[in-house]
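Here the structure is laid out as structure tokens; the discussion comes afterwards.
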Amino acid sequence: MNHVLKPAFLLSPLALAMSLPLSAQAETADLDTVADLDTVTVSADFRQTDVQSIPEAVTVVSDTQIEQRSAEHLEQILSFAPNVNFSSGSSRGRYFQIRGIGERSQFIDPVNPSVGLMIDGIDMTGLGGAATLLDIEQVEILRGPQGTRFGANALAGMINIQSKAPTKETEGFVAAKVGNYGTHGQSGAISGGLSDNVQGRLAVSSFKTDGYMENDFLDKENTNNIDEVVLRGKLAAQLSEQTDLNFTYFYTDIDNDYDAFSLDNDRTTYSDQPGVDAQESHSFALTLNSELSDAVLLQATLATTKADVEYSFDEDWAFGQYTFLPDEPEYQADPCDTTQGPCLADFDGYSSFDQYLRDYKRHSLDLRLLSGVNGRIFADTTDWVVGLYVLQRDEELTRNYTFDSQYQSDLTATSYSVYTEFTTNLSADSRIIYGVRGEQWRNDFDNTLATDSDETENLFGGKITFESLLTLEHLAYASIARGYKPGGANSSNVISEDNRVFDTEFNNTLEFGLKSSLLDDQLTTRVAAFVIQRKDQQVKQSFVSQRDDGSFKFTDFIANAAEGRNQGIELESSWQLHSALRWDVSLGYLDTEFVDYEFNARDEDDPQRIIDQDGRAQAHAPEYSYATAFHVQATDRVSLILEAEGKDEFYFSDSHDEQSKPYTLWHARLAYTDGPFQASVYGRNLTDQDQEVRGFSFPNDPRDGYSNSRWTQLGEPRLIGIEGKYSF
């Protein structure tokens with residue numbers, strides 16, 4: 001049983017949401033023919049709402065769009081949303097940025113993410129490797145702070161992934177694909193009724209590819225491979241006419257290798273100890289929906305996750321094997337003749353391997369009451385929601401590093417939240433939505449460096465939105481939102497006491513939006529403009545020092561900038577130019593800067609050197625991003641999709657000034673459908689354009705005396721494949 005708020009017509013959401021009196025309904029009766037238009041609902045809202053009706057910036061990526069992109073993972077579809085980016089530094093993009101806000105990596109210290117990730121009601125924030133796209137109904141990308149709905153994990157926004165629900169009628173599919181780079185995948189799903197009031201759905205997939213790097217030293221082409229197995233199981237039971245119970249099980253076995261950086265910034269590596277990027281997780285969710293009366297609805301979700309994660313890499317990338325580098329002289333072992341070239345005994349390189357083993361346990365309970373059909377208050381003008389949320393997050397780390405003794409840490413984060421939201425109809429065509437969340441957040445952190453910490457914070461956020469139906473074709477809104485991200489403590493014992501603790505960051509966002517349906521509903525548009533003030537912005541800093549043995553030590557820590565400013569404009573549109581031709585567009589403009597921010601660079605030659613970043617753009621915040629697609633239905637059976645996506649240059653980090661290069665990628669897919677059968681050929685990055693998905697600046701090349709250099713990880717090259725699918 002789904003309590004779905006469905007608008008009476010695509011761009012007049014208030015007509016039904018406000019339950020117009022009979023006289024007003026009569027005045028709009030001539031619009032009934034529009035009511036049959038398909039709508040896309042946003043399940044992350046307290047009440048499921050049409051994407052054209054919800055008064056905030058949301059992108060919904062459908063199962064059809066996922067299939068047409070031939071996507072296997074979230075990173076491959078994020079370009080559908082304006083001003084959304086990701087960072088890699090791993091086999092998959094696991095860290096996400098919305099409107100220039102979001103983490104880019106995690107090494108030693110625990111992080112409080114700025115962008116939340118929910119999968120079927122299960123909090124998978126920080127576990128982005130699990131964001132695979134098997135049997136997905138839709139992906140919702142909510143831009144802007146979600147302080148009322150999600151609290152501390154959604155300072156910048158939220159990504160909500162919903163898989164397909166069980167069905168009463170038997171249905172399913174089997175599918176397979178093959179492609180270059182040794183790519184092959186198989187998947188299938190089956191759904192149907194198990195009894196009169198119980199339905200089930202089971203989906204499983206296996207996806208493998210050799211990856212896009214060649215390791216010349218090991219003479220292998222799969223040291224950066226992908227090997228992923230995913231299983232989803234769902235049960236839905238109608239306990240009565242008023243009560244539903246839903247169960248979800250989600251299993252991931254990510255067994256990827258990680259060998260992505262090269263001394264020549266290309267796709268050829270020389271690592272003698274390639275790393276691993278693996279995750280095995282078991283996740284469960286139990287959701288109860290009950291109509292307690294015609295005035296009150298109950299929703300309850302109990303969720304738990306256990307994940308074992310390994311992230312490791314060859315830190316030096318090639319030590320001892322530099323004779324394999326192109327155009328380099330061969331280092332001679334003893335006995336050595338210096339007239340014939342350099343001696344290996346004189347080589348001052350280093351060899352190191354870094355491994356992070358994390359064990360995650362998460363448990364959450366979300367209880368909420370919502371007003372029913374006859375539950376409105378304040379003279380029948382106001383719908384309401386009130387809820388309680390409890391989260392416990394345990395994270396254990398064991399780090400094994402060549403030059404240090406084993407490091408261990410244990411974090412327990414506990415959160416208790418209460419929240420409420422009201423929706424008040426001011427008139428027949430305007431309403432105000434206002435909500436607040438109060439949260440107590442506690443971190444209990446222990447480690448083997450004896451830099452323990454125990455902090456408790458009381459936090460609050462919320463949002464006020466005014467929306468108005470300007471005409472039957474235009475919905476306008478304005479909102480003020482406050483988000484937050486808890487502070488914490490750094491574990492390093494080589495930073496100063498002043499930098500040991502960092503403060504909570506607050507995000508104050510002003511947003512204006514206009515959602516329109518034009519040309520007899522052939523053209524839909526969504527426009528949003530926003531200004532963000534980031535108070536006590538949390539920034540990741542790092543510095544490199546050299547040990548006595550010549551090896552380098554990297555130290556990361558989080559500090560606060562005085563302020564950050566982010567502002568921009570976003571446009572999404574879909575235009576049915578012809579019955580056989582549709583044009584989709586997503587455009588984002590983003591302007592970011594630090595305000596009153598400087599830090600000590602800890603330069604070996606000048607330990608007191610101060611870097612002034614005031615006015616500089618923030619990391620992973622390209623000034624423009626775009627995606628566009630033409631959908632051509634050539635015949636009843638043949639369809640063609642041509643897509644382009646691109647980004648401007650952006651800074652890789654807040655602690656150095658290296659930038660990515662701008663890029664445009666072209667994708668295409670040609671499909672033939674005959675009843676339940678579909679065969680297609682696809683290509684992504686057709687022009688084989690290099691796009692840089694992670695970058696650093698530090699000394700790591702013995703050929704130039706270990707001077708600071710620019711290092712980048714490349715994204716997907718040109719991928720070509722064929723797919724087959726049978727649906728039943």
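The values are calculated or read from the model by the stated rules, or taken from the named source; none is laboratory data. The structure displayed is predicted, hence computed values, not measured ones. So basically every Cβ, Gly included, is an ideal-geometry build from the backbone, and we count neighbours across all protein chains shown. Heavy atoms of the whole protein, side chains included, go into the accessibility calculation; ligands, DNA and RNA do not. Shrake-Rupley method; radii C 1.70, N 1.55, O 1.52, S 1.80 Å.
Please determine, by comparing only the residues of the range 248-276 that are buried (at least 22 other Cβ atoms within 10 Å of the Cβ) and of a type in the set (Phe, Trp, Tyr), which one is farthest from residue 46 (Cα to Cα).
270
Among residues belonging to the range 204-236 that are surrounded by fewer than 22 Cβ atoms within 10 Å (Cβ to Cβ) and small (Gly, Ala, Ser), point out the one that is farthest from residue 246 (Cα to Cα).
Once the filter is applied, the top-ranked residue is 206.
Show me the strands (runs of 3 or more DSSP E) found entirely inside the range 672-728 where at least 2 residues are modelled with pLDDT under 95 and either within 28 Å of residue 225 (Cα to Cα) or in contact with an Asp or Glu (Cβ under 7 Å, 6 or more places away or on another chain) (or both).
692-699, 708-714
When you check residue 655 against the structure, is it under 28 Å from residue 597 (Cβ atoms) and either in a strand (DSSP E or B) or at pLDDT below 95 (or both), yes or no?
Values: under 28 Å from residue 597 (Cβ atoms): yes; either in a strand (DSSP E or B) or at pLDDT below 95 (or both): yes.
Here the answer is yes, as residue 655 does meet what is asked.
Go through (1) of a type in the set (Lys, Arg); (2) closer than 30 Å to residue 481 by Cα; (3) not in a loop (DSSP other than H, G, I, E, B) one by one and return the number of the condition residue 149 breaks.
Result: residue 149 fails condition (3) only.
Give me a count of the residues in the range 459-488 that are within 17 Å of residue 153 (Cβ to Cβ) and open to solvent by 20 Å² or more (accessible area, probe 1.4 Å). Walk me through how you get there before you give the answer.
Of the residues in the range 459-488, the ones within 17 Å of residue 153 (Cβ to Cβ) are 459-463, 481-488.
Next cut, open to solvent by 20 Å² or more (accessible area, probe 1.4 Å) only: 460, 463, 482.
Matching residues across the range 459-488 total 3.
Within the range 481-518, take every residue that is out of contact with any Phe, Trp or Tyr (no Cβ under 8 Å at 6 or more places or on another chain) and in a loop (DSSP other than H, G, I, E, B) and give me the one that is modelled with the highest pLDDT.
That would be 503.
Can you tell me which of (1) open to solvent by 20 Å² or more (accessible area, probe 1.4 Å); (2) in a loop (DSSP other than H, G, I, E, B); (3) not aliphatic (A, V, I, L, M) is the one residue 173 doesn't meet?
That leaves (2) as the condition not met.
Exactly one condition in (1) at pLDDT 80 or above; (2) touching a Lys or Arg at 6+ places or on another chain (Cβ under 8 Å); (3) aliphatic (A, V, I, L, M); (4) closer than 30 Å to residue 256 by Cβ is not met by residue 58; state its number.
Among (1) at pLDDT 80 or above; (2) touching a Lys or Arg at 6+ places or on another chain (Cβ under 8 Å); (3) aliphatic (A, V, I, L, M); (4) closer than 30 Å to residue 256 by Cβ, residue 58 violates only (4).
Pairs, please: C-beta under 8 Å, at least 6 apart or cross-chain, first residue closer than 14 Å to residue 145 by Cβ and free of Cβ contacts under 8 Å to residues at least 60 places away in the same chain and in the range 466-490, second open to solvent by 60 Å² or more (accessible area, probe 1.4 Å) and in a strand (DSSP E or B)?
Close Cβ pairs (under 8 Å, with a partner that is open to solvent by 60 Å² or more (accessible area, probe 1.4 Å) and in a strand (DSSP E or B)) amount to 480/464; 480/510.
Could you tell me whether the range 196-204 includes any residue that is part of a loop (DSSP other than H, G, I, E, B) and out of contact with any Lys or Arg (no Cβ under 6 Å at 6 or more places or on another chain)?
yes
Six or more apart or on different chains, Cβ under 7 Å: which pairs go from a residue in the range 672-699 that's farther than 30 Å from residue 661 by Cβ to one that's open to solvent by 50 Å² or more (accessible area, probe 1.4 Å) and assigned to a loop (DSSP other than H, G, I, E, B)? Could you list them?
So the pair list comes out as 672/637; 673/637; 674/637; 676/728.
All but one of (1) crowded, with 17+ Cβ neighbours inside 10 Å; (2) touching a residue at least 24 places away in the same chain (Cβ under 8 Å) hold for residue 657, so report the exception by its number.
With (1) crowded, with 17+ Cβ neighbours inside 10 Å; (2) touching a residue at least 24 places away in the same chain (Cβ under 8 Å) applied to residue 657, the lone miss is (1).
Does residue 708 count as under 30 Å from residue 614 (Cβ atoms) and surrounded by fewer than 20 Cβ atoms within 10 Å (Cβ to Cβ)? Don't jump to the end; show me each part of the working.
Values: under 30 Å from residue 614 (Cβ atoms): yes; surrounded by fewer than 20 Cβ atoms within 10 Å (Cβ to Cβ): yes.
For residue 708, the condition - under 30 Å from residue 614 (Cβ atoms) and surrounded by fewer than 20 Cβ atoms within 10 Å (Cβ to Cβ) - is met.
Name the one entry in 229, 178, 204, 174 that is at pLDDT 95 or above and touching a Leu at 6+ places or on another chain (Cβ under 7 Å).
Result of the check over 229, 178, 204, 174: 204.
If you take the residues of the range 181-194 that are in a strand (DSSP E or B) and open to solvent by 60 Å² or more (accessible area, probe 1.4 Å), which of them is nearest to residue 229 (Cα to Cα)?
186
Restrict the check to the range 5-20 and report whether at least one residue is modelled with pLDDT of 90 or more, surrounded by fewer than 21 Cβ atoms within 10 Å (Cβ to Cβ) and either under 21 Å from residue 715 (Cβ atoms) or among the small types (Gly, Ala, Ser) (or both).
no
Which of the residues that make up the range 277-295 are touching a residue at least 60 places away in the same chain (Cβ under 8 Å) and either open to solvent by less than 40 Å² (accessible area, probe 1.4 Å) or not hydrophobic (A, V, I, L, M, F, W, C) (or both)?
277, 279, 281, 283, 285, 287, 289, 291, 293, 294, 295
Between 458, 447, which is within 30 Å of residue 273 (Cα to Cα), out of contact with any Lys or Arg (no Cβ under 9 Å at 6 or more places or on another chain) and polar (S, T, N, Q)?
Criteria check complete, one pass: 447.
Each row is one residue, and each column tells you yes or no for (1) under 30 Å from residue 494 (Cα atoms); (2) surrounded by 20 or more Cβ atoms within 10 Å (Cβ to Cβ).
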residue	(1), (2)
614	yes, no
622	no, yes
626	no, no
637	no, no
642	no, no
661	no, no
664	no, no
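Quick check, is residue 700 surrounded by 15 or more Cβ atoms within 10 Å (Cβ to Cβ), over 25 Å from residue 597 (Cα atoms) and within 24 Å of the chain's Cα centre (by Cα)?
On the way: surrounded by 15 or more Cβ atoms within 10 Å (Cβ to Cβ): yes; over 25 Å from residue 597 (Cα atoms): yes; within 24 Å of the chain's Cα centre (by Cα): no.
Judged against the criteria, residue 700 is not a match.
With modelled with pLDDT of 95 or more, within 23 Å of residue 648 (Cβ to Cβ) and either open to solvent by 50 Å² or more (accessible area, probe 1.4 Å) or assigned to a strand (DSSP E or B) (or both) as the only criterion, which of 567, 576 stands out?
Testing whether each residue is modelled with pLDDT of 95 or more, within 23 Å of residue 648 (Cβ to Cβ) and either open to solvent by 50 Å² or more (accessible area, probe 1.4 Å) or assigned to a strand (DSSP E or B) (or both) leaves just 567.
Kindly list, by first and then second residue, each pair from a residue in the range 176-202 that is closer than 28 Å to residue 683 by Cα and small (Gly, Ala, Ser) to a residue that is open to solvent by 70 Å² or more (accessible area, probe 1.4 Å) and in a strand (DSSP E or B), limited to pairs with Cβ atoms under 6 Å and residues at least 6 apart or on different chains.
If the second residue must be open to solvent by 70 Å² or more (accessible area, probe 1.4 Å) and in a strand (DSSP E or B), the pairs left are 176/186; 179/720; 188/174.
Report, by residue number, each residue of the range 206-240 that is free of Cβ contacts under 8 Å to residues at least 12 places away in the same chain and of a type in the set (Asp, Glu).
Listed by number, the list holds a single entry, 219.
Would you mind telling me which numbered condition in (1) at pLDDT below 95; (2) open to solvent by 50 Å² or more (accessible area, probe 1.4 Å) residue 320 fails?
(2)
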